[in-house]
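K.L.:
This is the structure I have questions about; it appears just below.
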Amino acid sequence: MRKLLFESVLRPPVTEPAPAADSEALAELGAALERASRRRLGRSLAIREVDAGSCNGCELEIHALNNAFYDLERFGLRFVASPRHADVLLVTGPVTKNMREALERTYAATPDPKWVVAAGDCALDGGLFARSLAVEGGVAQVVPVDLHIRGCPPRPIELLRGLLALLETERGR
Ligand code: SF4
């Protein structure tokens, strides 16, 4: 037992080191996002996340936006529980046959003008699940998509960059 304790003190941790915190770049990106949101909407951006059939890998990255490191709300961005309060539908996964109607109804319930952001490779064209009998295809096959954010899954910083690009584009509203 003593030997074990001694070894555990000497042995380095087996976990991988955490990625370097690029907090300056993150703060800059978040501030730009907040400014763009206020310019386009006159207020902060409200996002409704819709899982249309993902493996939940994309959700883990999206949830990270709310953790203590990214802390999305400090930039005025927030996730909302109802599409009726949303400006952006952030849709993940291939759209499964079972989720098609739910996605269509969520889209219909979101007030105009609205943006749809398809997050992840599966949301683009079905990705890994493209040939499944349970899958309709990418998000654009069901509702109009304004922006695709590639990646499997896209990292939180890429999600933020995508949202910023969306707000700065001339096309949204
Ligand atoms: S893009 Fe990758 S992480 Fe996201 S739902 Fe598809 S397989 Fe999962």
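The values are calculated or read from the model by the stated rules, or taken from the named source; none is laboratory data. Everything quoted here is computed from the prediction, not taken from an experiment. A quick note on method: Cβ atoms are made from the backbone with ideal geometry, for glycine too, and the neighbour counts reach across all protein chains shown. All accessible areas refer to the heavy atoms of the entire protein, side chains included, with ligands and DNA or RNA removed. Shrake-Rupley method; radii C 1.70, N 1.55, O 1.52, S 1.80 Å.
K.L.:
Condition first: among the charged types (D, E, K, R), over 18 Å from residue 46 (Cα atoms) and within 12 Å of the ligand (Cβ to nearest atom). Can you find one or more residues in the range 140-152 that meet it?
P.N.:
Yes.
K.L.:
May I ask you to list the residues in the range 105-130 that are open to solvent by 40 Å² or more (accessible area, probe 1.4 Å), closer than 24 Å to residue 80 by Cβ and in contact (Cβ under 8 Å) with a residue 12 or more places away in the chain?
P.N.:
Hits for the range 105-130 are 107, 111, 113.
K.L.:
Continuing with this model, one more query. For the condition of a type in the set (A, V, I, L, M), open to solvent by less than 90 Å² (accessible area, probe 1.4 Å) and touching a Gly at 6+ places or on another chain (Cβ under 8 Å), what is the one hit in 27, 52?
P.N.:
One residue alone meets the criteria, 52.
K.L.:
Next question. Across the range 51-77, what is the total count of residues that are part of a helix (DSSP H, G or I) and touching a residue at least 24 places away in the same chain (Cβ under 8 Å)?
P.N.:
Qualifying residue count for the region: 10.
K.L.:
Residue 88: more than 16 Å from the ligand (Cβ to nearest atom), buried (at least 23 other Cβ atoms within 10 Å of the Cβ) and not charged (D, E, K, R), yes or no?
P.N.:
yes
K.L.:
Among the residues that make up the range 62-82, is at least one of them farther than 16 Å from residue 127 by Cβ, within 15 Å of the ligand (Cβ to nearest atom) and surrounded by fewer than 15 Cβ atoms within 10 Å (Cβ to Cβ)?
P.N.:
Yes, the conditions are met somewhere in the range 62-82.
K.L.:
Among the listed residues 147, 164, 133, identify the single one that is in contact with a Phe, Trp or Tyr (Cβ under 8 Å, 6 or more places away or on another chain) and open to solvent by 20 Å² or more (accessible area, probe 1.4 Å).
P.N.:
147
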